[in-house]
Amino acid sequence: MEKQIETISYESPAKTLLISVSIIVPTLDEKENIEALVAGVDKVLTEPDWELIIVDDDSSDGTADFVRHLSRSDRRLRLISRHNRRGLSTAVVEGVLAASGEIVVVMDGDLQHDEALLPLLIETIRAGDADIASASRFLVPEGISGLSSSNRLSMSRNGTGMANRCFRLNLTDPLTGFFAIRRDIFVAAIPYLSELGYKILLDIVVSSPTRLKVVEMPFILRTRMNGTSKLDGKVLFEFLLFFIDKTLGRYLPVPIHFLSFSIIGGLGVFVHMAILAILYSELQADFMLAQGAATAVALVFNFTLNNSITYFDQRLHGWAFTRGLLLFAALCSVGIVANVSVATIMHNRYESLIYIVPALCGILISVSWNFAATNLLVWKK
């Protein structure tokens with residue numbers, strides 16, 4: 001008797017909803033803003049084909065858990081929870097890579113960006129009128145009313161001027177964090193991005209392999225209700241790194257972390273010499289004591305700045321900071337020995353070389369060792 005095989009076909013209980021718009025929101029300690037943000041987006045986007053992706057940088061206030069709770073009853077809300085990784089630009093990139101929509105919108109989670117502008121940003125991209133539709137704080141006088149201090153206003157204005165001059169742009173707000181873009185254009189630019197700091201729009205415009213058409217539209221930055229601004233003094237240093245990476249990087253491709261590490265090391269030399277001059281020349285301290293103190297201060301200076309800037313996404317705190325400092329000092333002492341040894345050997349063997357050449361070779365060996373060893377063993381990157 002021939003055996004009959006019964007086949008069962010499964011049908012989806014409901015038609016699959018195709019997502020056309022993905023809204024990416026990087027967060028760090030924004031729990032108190034999430035519910036209002038979701039409600040605001042839901043109010044202005046009447047069509048159902050959107051998703052809101054929260055990319056949380058291991059917030060200490062329970063932001064990720066709260067988003068996870070809300071997402072159980074609203075499938076349009078998604079969460080990417082990052083561990084040991086921080087930074088707005090990298091958070092946006094991860095959000096875009098996980099997005100389902102053909103159009104992605106980037107906005108902050110602090111409620112300063114007005115959701116009412118979302119339909120216009122999205123429709124501008126959907127109609128093909130621009131590659132990027134960005135919200136500018138500087139197209140109307142009242143647009144900057146939400147900036148919390150004169151210092152933040154000054155940083156924004158100066159940053160805008162520097163960006164336009166350095167990269168020959170003509171944008172009123174190239175540093176805005178509120179914009180819409182086609183996902184395929186964003187993805188095409190990812191291999192060329194620096195992913196450094198908060199300048200993700202500027203990074204895309206400068207790094208894109210094709211020239212992009214940017215349309216700016218005015219919006220009024222709202223006053224921050226909860227949380228604190230993530231911008232601080234290291235933004236100017238990050239801009240310097242970004243500028244070097246985008247200008248000299250094409251001729252001398254080096255990792256952005258190595259570039260930052262080297263610049264901070266150079267600053268450490270000035271700190272060392274300043275302390276030495278004060279102790280030895282001004283205070284008449286013993287040279288060995290002055291040299292030792294200057295070395296210690298410069299070492300702490302280098303470690304602290306690298307921990308705060310170069311390795312911002314993996315900063316050490318508390319006991320981990322102290323342990324990292326001690327390990328940093330031990331590893332850098334090896335670099336000092338290598339520096340002196342290599343320079344001395346080269347100088348003795350190749351006497352025709354001007355002394356600066358072996359000295360520079362020793363420095364290069366030292367910096368390379370210090371970066372590679374501390375990168376791997378201190379910050380484990």
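Observations on the structure shown:
- In range of the label at residue 213: residues from the range 97-140 whose backbone nitrogen is under 16 Å from the point 7 Å along Cα→Cβ: 121-134
- The chain - charge dipole about Cα centre, Lys and Arg +1 at Cβ, Asp and Glu -1, debye rounded to 20: 880 debye
- Per-q log10 I(q)/I(0), the range 82-223, q = 0.11, 0.16, 0.17 Å⁻¹ (Debye; single scatterer per alpha-carbon; no solvent): -0.38, -0.85, -0.96
- Contour excess over end-to-end distance, with Cα ends at residue 323 and residue 360 and 0.36 nm allotted per residue: 10.3 nm
- Label point at residue 349 placed 7 Å out along Cα→Cβ; residues across the range 367-381 whose backbone nitrogen lies under 19 Å: 367-369
- Chain lengthening between residue 247 and residue 285 when straightened (0.36 nm per residue, less Cα-Cα): 9.2 nm
- C-alpha long axis of helix 318-349 to longest principal axis of the chain, angle in °: 50 degrees
- Residue among 280, 96, 21 farthest towards the positive dipole end of the chain, charges placed on Cβ: 280
- Amide H to amide H, with H built 1.01 Å from N, residue 78 comes under 5 Å of 52, 53, 54, counting only residues 5 or more places away or on other chains.
- 19 Å Cα cut-off, lysine pairs counted over the chain (separation 8 or more, or different chains): 6
- DSSP-defined antiparallel bridges as percent of all bridges, the chain, nearest 5: 25 percent
- Over the chain, the alpha carbon radius of gyration divided by the compact-protein estimate 2.2 N^0.38 Å works out to 1.22.
- When the Cα atoms of the range 199-357 are aligned to their principal axes, the ranges along those axes come out at 63, 43, 31 Å in descending order.
- Computed [θ] at 222 nm, helices only, for the chain once each DSSP H run of length n ≥ 4 contributes -39500 (n - 2.57): -16000 deg cm²/dmol
- Residue 110 accessible area, 1.4 Å probe, all protein chains in place, Å² to nearest 10: 10 Å²
- Using the 1.4 Å probe convention, the accessible area of the range 148-218 works out to 47 Å² per residue with neighbouring protein chains retained.
- Inter-probe distance in nm under a simple model that places probes 7 Å from Cα toward Cβ, at residue 270 and residue 61: 3.6 nm
- Distance between modelled label sites at residue 70 and residue 126, nm, 7 Å Cα→Cβ extension: 2.3 nm
The values are calculated or read from the model by the stated rules, or taken from the named source; none is laboratory data. Please read these numbers as outputs of a predicted model, since none were measured by experiment. Note that we place each Cβ from the backbone using ideal geometry, even for glycine, and neighbour counts take in every protein chain shown. With ligands, DNA and RNA removed, areas are computed over all heavy atoms of the protein, side chains included. Shrake-Rupley method; radii C 1.70, N 1.55, O 1.52, S 1.80 Å.
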